Amino acid sequence: MDKFLIQGNGPLQGEVRASGAKNAALPILCAALLTDDTLAIHNLPHLWDVATTNRLLTQMGVAVTVAGQGEVEINARSITTCVAPYELVKTMRASILVLGPLLAKRGEAQVSLPGGCAIGARPVDLHLRGLEAMGAEIEVEGGFIKARAGRLQGARIVFDVVTVTGTENLLMAATLAEGQTVLENAACEPEVVDLAKCLIAMGAKIEGAGTSTIRVQGVANLHGATHSVIPDRIETGTFLIAGAITRGRVRVTQTDPGMLEAVLDKLRQAGAKVSIGADWIELDMLGRRPRAVDIHTTPHPGFPTDMQAQFMALDSVAEGVGTIRETIFENRFMHAQELMRLGAEINIEGNTAVVTGVERLSGAPVMATDLRASAALVLAALSADGETLVDRVYHIDRGYEHIEEKLRKLGGKIRRVTQ
Ligand code: UD1
């Protein structure tokens, strides 16, 4: 199992390019199931989760052709099975995103139930209820979601809680339904907007993506298209924090500052000088120690839960006390224990963590527990005295493209150790 060996050193300086967004790429890959024509996808990040989705599609008989670096062409005309097996779903919950498209296009789907996950229970009840409201018959049997439908029927669906993949699943299903579907309390995340943009290019009729009410007028067929995936806002934010936590200066290019407002606000509060251009962001700490910031995670456009762990790392070395409240997932503080192994002072009560900044962290062996938690540990290690060994970096490979190469480009001392 691969590990990262990290030697904390001076300020990170330089420029890195943002990769395509994982959370936009995954639903867009699944959107190819909605048509018999070819969907060409560009700016696809090279990640484990993307590879897993490609494997999932391939084992269904879908043709996935690599067309160039970061480019694939997907054709689902000769699909042979509508089953998403446990072996693949268990490694990536986002596999549930095949459910809506398969049901809408093929009238059937069997998707293994994702089950619990390290960061919380994460049920899929809202996905299922929405599809039932559109006329699907769904039973859960032997660990599988078994769904059937004639042509799905448009419906008004009000989500109890904001769900990103739930919104995406129903949005995809609604494109081929008969009549109008209205999704209320829909997720407004930029990745939902990017999926809608891809679906519109395929011939879907969608209005309101990016707001809490999305209207979809179903069409009989979708056609092929070419779509370029948006930049990864979470990866962008992670590199900016790498600059902040090491008191350095980092510029992220080929990104979109408009998607990161809540994060940039917090970085400014932490004392960073943040400059933006049309497609770049530069953070400069001017050599200063960051100030602690309070964080409260909420759905977009609020502060993203996927940046919470990285800000906990930043608060760990900041001046003052930061309070971090996690409201999206009930068990997303596992990185706190590991940060404490590096010397962080963190008290957790329920969904709130109080972080008292220390002058310096010190290196130690730590264990990555989930994707963003592992990013937090890498960030903390870059600023710590001495050497840190981060175990189980397969978590980080799920969602960060060549992170060690990008950090090395900024002057970080990080090396992958394969054992
Ligand atoms: C997506 C992102 C993930 C991010 C999360 C929140 C992808 C592939 N993953 O995950 O990186 O952390 O959004 O921004 O895009 N819930 C229910 N019932 C449901 C569905 C969700 O109760 O049927 C609850 C969840 O338990 C959670 C909350 O809703 O408490 C939000 O989860 P959701 O937005 O669905 O997360 P994902 O789409 O899985």
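The values are calculated or read from the model by the stated rules, or taken from the named source; none is laboratory data. Given the structure is predicted, the values throughout are model-derived calculations rather than measurements. A quick note on method: Cβ atoms are made from the backbone with ideal geometry, for glycine too, and the neighbour counts reach across all protein chains shown. Surface accessibility is based on the protein's heavy atoms, side chains included, excluding ligands, DNA and RNA. Shrake-Rupley method; radii C 1.70, N 1.55, O 1.52, S 1.80 Å.
Here the range 313-408 has 46 percent of its accessible surface on carbon and sulfur atoms, given a 1.4 Å probe and all protein chains in place. Once the chain from Asn347 to Glu139 is taken as fully extended at 0.36 nm per residue, the excess over their C-alpha distance is 70.6 nm. Reported to the nearest whole Å, the Cα centre-to-centre distance from the range 29-85 to the range 248-325 is 34.
Accessible area per residue for the range 273-419 is 41 Å², calculated with a 1.4 Å probe on protein heavy atoms, without ligands, DNA or RNA. For the range 285-370, the list of GluC sites (Glu not before Pro) that fall in a loop by DSSP and count at most 13 other C-beta atoms within 10 angstrom reads Glu330, Glu359. Computed over the Cα atoms of the range 160-266, the ratio of the radius of gyration to the Kirkwood radius (Rg/Rh) comes to 1.09.
As a size descriptor, the averaged projected area of the C-alpha convex hull of the chain was calculated at 18.1 nm². Per-atom-type breakdown for the range 8-91 gives carbon and sulfur 50% of the accessible area (1.4 Å probe, protein chains only). When only alpha carbons of the range 332-398 are considered, Rg and Dmax amount to 11.4, 32 Å. Applying both filters, DSSP loop and at most 13 other Cβ atoms within 10 Å, to the trypsin sites (Lys or Arg not before Pro) of the range 324-419 gives Arg360.
Tell me the per residue accessible area of the range 138-264 using a 1.4 Å probe; a whole number in Å² is fine.
35
In the context of the full set of protein chains, the range 34-115 has a per residue accessible area of 39 Å² (1.4 Å probe). Computed from label points 7 Å out along Cα-Cβ, the spacing between Arg416 and Asp125 is 4.1 nm. Full extension of the chain segment joining Asp2 with Arg268 gains 92.3 nm, where the gain is 0.36 nm per residue of separation less the Cα-Cα distance. Working from the Cα coordinates of the range 26-100, the gyration tensor eigenvalues give, after taking √(5λ), semi-axes of 17, 15, 10 Å in decreasing order.
The slack in the chain from Val161 to Ala63, taken as 0.36 nm per residue of separation less the alpha-carbon distance, amounts to 31.7 nm. Between Glu330 and Val219, the modelled labels are 4.2 nm apart [label points 7 Å from Cα along Cα→Cβ]. Short to long, the 5 Å bins of the Cα pair-distance histogram for the range 278-419 hold 2, 10, 19, 24, 21, 16, 7, 2, 0 percent of all pairs.
Dipole of the range 321-408 computed with +1 at Lys/Arg Cβ and -1 at Asp/Glu Cβ about the Cα centre; of Ala364, Leu389, Leu339, farthest Cα towards the positive end is Leu339.
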